[in-house]
Amino acid sequence: MGKTDITVKDVLSFIKENKIEFIDFKFMDFPGQWQHFTVPASELDESSFESGFGFDGSSIRGWKSINESDMLIIPDPTTMFVDPFITAPTVSLICDVYEPLTKEKYARCPRNIAQKAEAYLKSTGIADTSYFGPEAEFFVFDDVRFDSGPNFAFYHLDSIEGKWNSGKEENPNLGYKPRYKEGYFPVPPTDKLMDLRNEMVQNLIKVGIEVEAQHHEVASGGQCEIDMRFKPLLRAADQLLMFKYIVKNTARMHNKTVTYMPKPIFGDNGSGMHVHVSLWLKDKPLFAGGGYAGLSETALYFIGGLLKHAPSLLAFTNPTTNSYKRLVPGFEAPVNLAYSQRNRSASIRIPMYSTSPKAKRIEFRCPDPSANPYLAFSAILMAGLDGIINRIDPGEPLDKDIYDMSPEELKGVPSTPESLAAALKALADDHEYLLKGDVFTEDVINAWINYKIEKEIKPMALRPHPFEFEQYFDV
């Protein structure tokens, strides 16, 4: 990633000195996928960072109608990096999206929402910086096939690591397949992805992303994690998109494929995105104190806001129908809304690795990597700030292993929504906290709910599932 103090002149000098041939503009669509287009380097000059470049907004999911399709992207010079996967020397720049007539930032541009969230934080006087550290898990597969039609539907995944291949004739099959739920974390040769993850880390470092660790994850079949250093909200979201881009393309260079789909494999752990959060004011951490687990009153109120608004929050942090196949008991996914120190079965954990006040943070464990990070991080911040402003008591911590508790003990512990439809219903009923500071707007909330219902929930509801044939064909 570029340095935060890099200027337009720095970008133009770098392009000239390094004989860069192309400029690739990357920007975020509404649901959460990077889009891009490319121009020759000769097309970029100082005025480009004010006048921008036009594109068709009607072709981007969840955005404009065809009769108002013209839009602008304006690159952010601080996001410059050299793309390691494009043959011709290419610089990438992350862009903001603007309305061409008013030159105002587009309200549905996710990056704009993140920028407004950071501005709102400062306006409250509570803090001036929110740090986010996402841990995005992913699967590396060797073969992926899926399709559906009026009379069929199927998917088929494969991995050299898959326990299901223990009996396969691989000429030779050398064994060493991680057992289900036991991939955390055996050494090679059972871990067959060590070199690949190291190469992913090397490529991340080349583009300026600080990496803390890499390792195999719990599931069989190639589940992995690479941990990045925390950054301020906007930078963390930019960095997560770069991270996903680097990881996917590094795998592709080795004829492998990566997915951030939360639950691709039945009967084993899904991929989460635990999000570490802290607030700072004038370079001082605000979450350290003398309360439970070394937390300050501010941190506990922040937790109170997260727990109160979690059902609606999950519409952004867990935004797919597949997300709720991960959020089920028994697979480390935290379905019970509670907080605890060290306890990984709680939806909010307070890591206790360090006693340093600067390391004090909370870890929100519900989110998954299918989320649009600009929207997810902004919503998390807004929920926490609402907790601080309204002094929302998080209740008593839950330090027991939640999965071992009896139904009687669990009666008073609220749960996450059981489906995307339920999360969207919660969002429709509870989103006032998101509207403060004009961070989210009613238009954004309504567009998100309508897009998810029309494009994802309804089409899914119409389709017979293969398991239904197993259950009901002979009725």
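The values are calculated or read from the model by the stated rules, or taken from the named source; none is laboratory data. Here the structure is a predicted model, which means the values were calculated and not measured. When we count neighbours, we look across all protein chains shown, and the Cβ atoms used for this are built from the backbone with ideal geometry, even at glycine. Quick note on the areas: whole protein, heavy atoms, side chains included, nothing else; ligands and nucleic acids left out. Shrake-Rupley method; radii C 1.70, N 1.55, O 1.52, S 1.80 Å.
What is the Cα radius of gyration of region 301-438 over 2.2 N^0.38 Å, N being its residue count?
That ratio works out to 1.01.
Could you run the Karplus curve 6.51 cos²θ - 1.76 cosθ + 1.60 with θ = phi - 60° over region 27-36 and give me ³J(HN,Hα) per residue in whole Hz, x for Gly and Pro?
Taking θ as phi minus 60°, the curve returns 8, 9, 7, 5, x, x, 10, 5, 10, 7 Hz for region 27-36.
How big is the dipole moment of the chain about its Cα centre under a simple scheme where the beta carbon of each Lys and Arg is +1, that of each Asp and Glu is -1, and everything else is neutral? Debye, nearest 20, please.
600 debye
Over region 347-475, with the other protein chains present, what is the accessible area per residue in square angstrom, probe 1.4 angstrom?
Value for region 347-475: 52 Å² per residue.
With the dipole of the chain worked out from charges on the C-beta (+1 for Lys and Arg, -1 for Asp and Glu) around the Cα centre, which of 412, 159, 449 lies farthest toward the positive end?
The listed residue farthest towards the positive side: 412.
Please state, to two decimals, what the Cα-based radius of gyration of the chain comes to when divided by 2.2 N^0.38 Å (N = residues).
Cα Rg divided by the expected 2.2 N^0.38 Å: 0.99.
Once each part is reduced to its C-alpha centroid, what is the distance from region 96-132 to region 458-472 in angstrom?
Each part's Cα centre sits 41 Å from the other's.
Would you be so kind as to identify which of 350, 94, 171 lies farthest towards the positive end of the dipole of the chain, taking Lys and Arg as +1 and Asp and Glu as -1 on Cβ and the Cα centre as origin?
350
What is the spread of the Cα atoms of region 408-457 along each of their three principal axes, largest first, in whole Å?
42, 29, 12
Under 5 Å between amide hydrogens, which residues at least 5 positions from residue 96 or on another chain qualify, with H placed 1.01 Å from N in the peptide plane?
Placed amide hydrogens put 74, 76 under 5 Å from residue 96.
Going Cα to Cα from residue 177, which aspartates and glutamates come in below 15 Å? Please leave out same-chain ones fewer than 8 positions away.
Leaving aside aspartates and glutamates fewer than 8 places away in the same chain, those within reach of residue 177 are 142, 158, 161, 169, 191, 217, 268.
If you take the beta carbon distance between residue 86 and residue 411 as r and set R0 to 60 Å, what does 1/(1 + (r/R0)^6) give as a FRET efficiency, to the nearest 0.05?
0.60
Please give every one of the lysines within straight-line cross-link reach of residue 206, meaning a C-alpha to C-alpha distance under 26 Å, and leave out same-chain neighbours fewer than 8 residues apart.
3, 9, 16, 19, 26, 192, 231, 244, 248, 256
With the other protein chains left in place, how much accessible area per residue, in square angstrom, belongs to region 79-119 at a 1.4 angstrom probe?
36 Å²
Using θ = phi - 60° and the Karplus relation 6.51 cos²θ - 1.76 cosθ + 1.60, list the HN-Hα couplings for region 190-206 in order, rounded to whole Hz, with x at every Gly or Pro.
4, 7, 8, 10, 4, 5, 5, 5, 4, 5, 4, 4, 4, 5, 5, 5, 4
Using a Cα-Cα cut-off of under 29 Å, which lysines could be cross-linked to residue 425, ignoring same-chain neighbours fewer than 8 residues away?
64, 105, 116, 263, 308, 325, 411, 436, 452, 455, 458
With +1 on each Lys and Arg Cβ and -1 on each Asp and Glu Cβ, and nothing else charged, work out how big the dipole of region 1-45 is about its Cα centre, in Debye to the nearest 20.
Approximately 100 debye in magnitude.
Under the rule of at least 5 residues apart or a separate chain, name every residue whose amide H is placed under 5 Å from the amide H of residue 288.
Amide H neighbours of residue 288, under 5 Å, 5+ apart: 296.
On the accessible surface of the chain, probed at 1.4 Å, how many percent belong to carbon and sulfur atoms?
53 percent
Going by amide H atoms built from the backbone, whose H comes under 5 Å of the H on residue 254, apart from near neighbours?
Excluding prolines and chain starts, which carry no amide H, there are no hits.
Mind checking region 222-314 for trypsin sites (Lys or Arg not before Pro) that DSSP puts in a loop (not H, G, I, E or B) and that have at most 11 other Cβ atoms within 10 Å?
Loop-located and lightly packed - 282.
Using a simple charge model, +1 on the beta-carbon of Lys and Arg, -1 on the beta-carbon of Asp and Glu, nothing else, what dipole does region 107-209 show about its Cα centre, in debye to the nearest 20?
Taking the Cα centre of region 107-209 as origin, the dipole is about 420 debye.
Arranged from highest to lowest average of other beta-carbon atoms within 10 Å per residue, in what order do the peptides 135-143, 218-226, 458-466, 161-169 appear?
With the highest mean Cβ count within 10 Å placed first, the list reads 218-226, 135-143, 161-169, 458-466.
Using the alpha-carbon centroid of each, what span in Å lies between region 10-38 and region 217-291?
23 Å
Could you order peptides 291-303, 368-380, 440-452 by the average number of other Cβ atoms within 10 Å of their residues, highest first?
Per-residue mean Cβ counts within 10 Å order the peptides as 368-380, 291-303, 440-452.
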